[in-house]
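No value in this document is a laboratory result; all are computed from the given coordinates. Just so it is clear, the model here is predicted, and its values are computed rather than measured. Cβ placement follows ideal geometry from the backbone for every residue including glycine, while neighbour counts extend to all protein chains displayed.
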């Protein structure tokens, strides 16, 4: 079946850039997503990218997609303490019920 | 708009007890989902409902049942709880359109002793 992998933990200093990486196996992905989960809360969509795009920028967020290597990254510029959360990579396939497969999540710790 | 709401927020059960987790959305979405979140395993799909009146199994359906009561509500039932079902449960609904975003509820933290 499909698999989405992420590193479990990332620590950065406030003001630095954060880069969270993700790899996936499904070659029929249509959309790839980054969700953010704050403590005690559900997941909230940060951004998404179509599988035929290479890059998407949205304010401090930059998503890069390397479809050949099945690698997705999320860069957060000028990381703030409010960015501390768990970030989930997810991909949606083109199958019947359009299943979304989530990664394990990367916990981002921002050090003041 | 409340979005996706879930009740209860926390629950402790003894092995063998039953309970129903409630979920409702007010966004007029057709599709709804139940996931469980376990440390180091991300979110795994338990059941989904593509539209009112239909439900289908996800990747980890054993030990659970669901009911799509109407377009708004999608409940998850544990008939005989087991310690392996200790988890955080999330309900989500999906907006059809650009990005097909899923909207998540705040979660139910369930402990089975």
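Within the listed set B:86, B:20, B:54, the Gaussian network model of chain B (springs between alpha-carbon atoms below 10 Å) gives the highest mean-square fluctuation for B:54. Under Stokes-Einstein, with the Kirkwood radius over Cα pairs as Rh, the value for segment B:17-75 at 4 °C and 1.567 mPa s is 108 µm²/s. Across A:18, A:84, A:28, mean-square fluctuation computed from a Gaussian network of chain A (C-alpha pairs under 10 Å connected) peaks at A:28. Principal axis analysis of the Cα atoms in the protein assembly as shown yields extents of 48, 38, 35 Å, listed in decreasing size. Specify the residue with the greatest mean-square fluctuation among A:46, A:65, A:74, computed from a Gaussian network of chain A linking alpha-carbon atoms under 10 Å apart. Highest fluctuation of the listed residues: A:46. Between the alpha-carbon centers of segment A:28-75 and segment B:23-60, tell me the distance in whole angstrom. Here the two parts' Cα centres lie 21 Å apart. Between residue A:78 and residue B:98, how high is the FRET efficiency from 1/(1 + (r/R0)^6) when r is the Cβ-Cβ distance and R₀ = 22 Å? Nearest 0.05. E between residue A:78 and residue B:98, to the nearest 0.05, is 0.20. Computed over segment A:2-112, the convex hull of the alpha-carbon atoms projects to a mean area of 6.6 nm². What translational diffusion coefficient, in µm²/s and rounded to a whole number, does the Stokes-Einstein relation yield for chain B at 4 °C and a viscosity of 1.567 mPa s, taking the hydrodynamic radius as the Kirkwood radius over Cα pairs? After rounding, the answer is 93 µm²/s.
For the pair residue B:12 and residue A:53, what calculated FRET efficiency results from E = 1/(1 + (r/R0)^6), where r is the Cβ-Cβ distance and R0 = 45 Å, to the nearest 0.05?
Numbers: r = 45 Å, r/R0 = 1.01.
Computed FRET efficiency for residue A:53 and residue B:12: 0.50.
Of the three principal axes defined by the Cα atoms of segment A:49-88, the extents in descending order read 34, 19, 13 Å. At what distance in nm do the modelled label points of residue A:44 and residue B:22 sit from each other, each positioned 7 Å from its Cα along Cα→Cβ? Simple spin-label model gives 2.5 nm for this pair.
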